[in-house]
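**Q** Just dropping this structure here.
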Amino acid sequence: MQIILFQIGVLGESVIEMLHSLGKCTLFISTACALMMTPPFKIRRIIDQLYFIGVKSIFVVSLTAVFTGMVLGLQGYYTLAKFNSEGLLGGAVALSLIRELGPVLSALMVAGRAGSSMAAELGSMRISEQIDALDTMNIHPLKFLVSPKIAASIIAVPLLTAIFNVVGMMGGYLTGVVMLEVNQAVFLNSMIQATDMQDIVVGMTKPLFFGLMIAGLSSYKGYYCDILKKGVYGSESVSYATTSAVVISSVVILVLDYVLTAILL
Amino acid sequence: MTEPLIEFRDVSKAFASNIVLNRVNLKINRGEITTIIGKSGMGKTVILKHIIGLMEPDSGQILFNGKNILRLNPKERTQFRFHVGYLFQNVALFDSMNVYDNIALPLRENTKLNEMQIREKVIDKMEKLEIVEIRQKYPSEISGGMKKRVGLARVLVMDPQVILFDEPTTGLDPIRKNAVHSMISHMQKKFGFTGVMVSHEIPDVFYISQKIVMLDNGVILADCPPNEIENVDHPKVKEFIKGAESLKDQLTGLKTKKLITSQFIIELMRSVHDDSYCSILLFKINGLNKINETLGFVTGQKVIKHFASFVEHYLRISGENSRYSDDLILTLLPNTKLGMAKILMGKLEEALKTYPPLPGEGYTPMNYSISSSVVEIQGQQDIENVVTLAEKKFSVIGYFELK
């Protein structure tokens, strides 16, 4: 009986800790968003972050997109061929990319690249007392460090998604039309007929939330790296925060994808 | 009695089961430098972090100008933070910004000054700390000592009312250590800020502090002026002072004030017992403040060191040379009458005519002088009284030029 009670206690403690972290994280992201919308607005810092998160992710996003599009074209052709519907390949590729794969995969790439970097940067600043130094200089650390990242991420991720979609469709065209000899006009016409504004709205709404989550969660992990896990301090805590940021961002993107799809469909 | 600027009332703080502050009562007076000493890990830095608001106590009050800082509204808290600057032990420079941007950041974020005005303030502080030439470098490209000076400049650029120094001289060589202490003291006198310093540099901090506080196991064991710290009747205080204080001044290599005071007492007792004589020579470097302000504190310390080497070279056989204070060198001459002491002084004055120039080059031309006096010790005199008497009899023995 004692053992059972002890186990329940341990479970309860974990749940309480999880809820505490959830609350703390929500407050963190909400505060950063609120500060983002209060003057003075540091446009230069947002542009710097936009360059880092957006511009520097173009290559990896494009690379992922072209191969995703090519696989979609390949797999889609053979699947549709079973139903003598190869002519619908263009539409299948476009819809898959615009509604699902574009937002999710580009967000996952940004989480892996920029999210880990944000966590590492803020974690290093935390352990070297740079965040405390900002506080002592009357500079709000969240407004100075986190708000520009969130603002830039909300702008960059949808734009990267758009790039992903276009490049992905080119990849699909490469395999479908060039390699598998689907009629070009049929392919392109199918693409245009299958997609409408609703698909684009859904496809571009999701990245807004994904961008917020990537920057918010990664920044949270780095900012509080020194207290994230008991017994983990110094450089190890930065390493833990970086890994944790990528994992949690990726999981949240996938969960949020389902929730948003259910709401928006 | 004037109200203290900062006051801790029954402040307690614990981290898990480790009690770091145990009902601490502490008063920090306006316009003074208070140094907190004690063994490592005893909570000295925790006191500083409580003052700046990076930590909150578990119980007790912390008052600033009579107001409890734990109960300030956000606007008052912002105003309070403008008045207090903090120099971290590891400096905490922003490694993604160069030195200039690090120092300019508080001005850019907190004031409405334009870039020209910011540049003027930043360059002024950089010149005083001799770091202008590294303004484009990044923190990873500069030495530990330079990082300290950049950190100091970043704090001073906002002209705060209170400056908290967390071991400001850790990692610095003796010249720069003394330069930092000298600079803190000089800036404090010039700008009138209140300084609270955590340090292990005994006895150097005694030269510049008006109050010494010793913290041990969360409790204050001593809270008094530097000259009374040795009278504190607590074994831990005595043990700490004895253990931490070295016999030789790190900058000049001469004996410390503590050692020469002990020797003075011995010689005084001997002279009374044996009916013999004892004299002192006192030297002062005039114009040091101007050198510090114009050429920097490092040059000022080099001037002191250079002259101290000269005195040691000429008087090491005749007497015991010591660094009595920041700018005073005292030579104790046992078994020496006033007449003989004056002859010795005369010989030294003669030797000063061939005083070698300060090593190094490229100094802005600047004049300074050395004053001296000779006093014979009579009766039961206190060394402080003898020094005060000697200071009244100063006469200039040489004029020199830095070039």
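The values are calculated or read from the model by the stated rules, or taken from the named source; none is laboratory data. The structure displayed is predicted, hence computed values, not measured ones. Counting neighbours? That spans all protein chains shown, and the Cβs are built from the backbone with ideal geometry, glycine included.
**Q** Out of all the residues in the range A:71-85, which are within 12 Å of A:VAL182 (Cα to Cα), surrounded by 14 or more Cβ atoms within 10 Å (Cβ to Cβ) and hydrophobic (A, V, I, L, M, F, W, C)?
**A** Hits for the range A:71-85 are A:LEU74, A:LEU80.
**Q** Right, B:GLN250: crowded, with 16+ Cβ neighbours inside 10 Å and in a helix (DSSP H, G or I) or not?
**A** Working: crowded, with 16+ Cβ neighbours inside 10 Å: yes; in a helix (DSSP H, G or I): no.
No: the conditions fail for B:GLN250.
**Q** Do you know which residues across the range B:76-106 are facing another protein chain (nearest Cβ under 10 Å), more than 20 Å from A:LEU122 (Cα to Cα) and among the hydroxyl-bearing types (Ser, Thr, Tyr)?
**A** Of everything in the range B:76-106, those that are facing another protein chain (nearest Cβ under 10 Å), more than 20 Å from A:LEU122 (Cα to Cα) and among the hydroxyl-bearing types (Ser, Thr, Tyr) turn out to be B:THR78, B:TYR86.
**Q** What residue, of B:ARG270, B:ARG323, is closer than 16 Å to B:SER373 by Cα and either charged (D, E, K, R) or surrounded by fewer than 18 Cβ atoms within 10 Å (Cβ to Cβ) (or both)? Before the answer, list the steps.
**A** Details: B:ARG270 fails: closer than 16 Å to B:SER373 by Cα.
Just one listed residue meets the conditions, B:ARG323.
**Q** Of all the strands (runs of 3 or more DSSP E) wholly in the range B:12-123, which have at least 2 residues that are touching a residue at least 60 places away in the same chain (Cβ under 8 Å)? Outline the logic, then answer.
**A** On the way: elements: B:18-28, B:33-37, B:59-64, B:84-87.
Hits in the range B:12-123: B:18-28, B:33-37, B:84-87.
**Q** Working carefully through the options B:GLY287, B:GLY218, find the one that is more than 21 Å from the chain's Cα centre (by Cα), crowded, with 16+ Cβ neighbours inside 10 Å and on the phi > 0 side of the Ramachandran plot.
**A** B:GLY218
Yes/no matrix, rows are residues, columns are (1) in a helix (DSSP H, G or I); (2) within 17 Å of the chain's Cα centre (by Cα):
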residue	(1), (2)
B:HIS273	yes, no
B:SER276	no, no
B:GLU293	yes, yes
B:GLY300	yes, yes
B:SER309	yes, no
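**Q** If you take the residues of the range A:104-151 that are β-branched (Val, Ile, Thr) and touching a Cys at 6+ places or on another chain (Cβ under 8 Å), which of them is farthest from the other protein chains (Cβ to nearest Cβ)? I'd like the intermediate steps shown before the answer.
**A** As a first pass, look at the range A:104-151 and keep what is β-branched (Val, Ile, Thr): A:104, A:110, A:127, A:131, A:136, A:139, A:146, A:150.
Next, only the ones that are touching a Cys at 6+ places or on another chain (Cβ under 8 Å) stay: A:127, A:150.
Numbers: A:ILE127: 10, A:ILE150: 18 Å.
Taking the candidates together, the pick is A:ILE150.
**Q** Sticking with this structure for a sec: Mind listing whichever residues of the range A:19-55 are closer than 20 Å to A:ALA245 by Cβ and either of a type in the set (Val, Ile, Thr) or modelled with pLDDT under 90 (or both)?
**A** A:THR26, A:ILE29, A:THR31, A:ILE53
**Q** In this structure, does B:GLU109 turn out to be within 22 Å of A:LEU145 (Cβ to Cβ), within 14 Å of chain A (Cβ to nearest Cβ) and either surrounded by fewer than 19 Cβ atoms within 10 Å (Cβ to Cβ) or acidic (Asp, Glu) (or both)? Give the derivation first.
**A** Working: within 22 Å of A:LEU145 (Cβ to Cβ): yes; within 14 Å of chain A (Cβ to nearest Cβ): yes; either surrounded by fewer than 19 Cβ atoms within 10 Å (Cβ to Cβ) or acidic (Asp, Glu) (or both): yes.
For B:GLU109, the condition - within 22 Å of A:LEU145 (Cβ to Cβ), within 14 Å of chain A (Cβ to nearest Cβ) and either surrounded by fewer than 19 Cβ atoms within 10 Å (Cβ to Cβ) or acidic (Asp, Glu) (or both) - is met.
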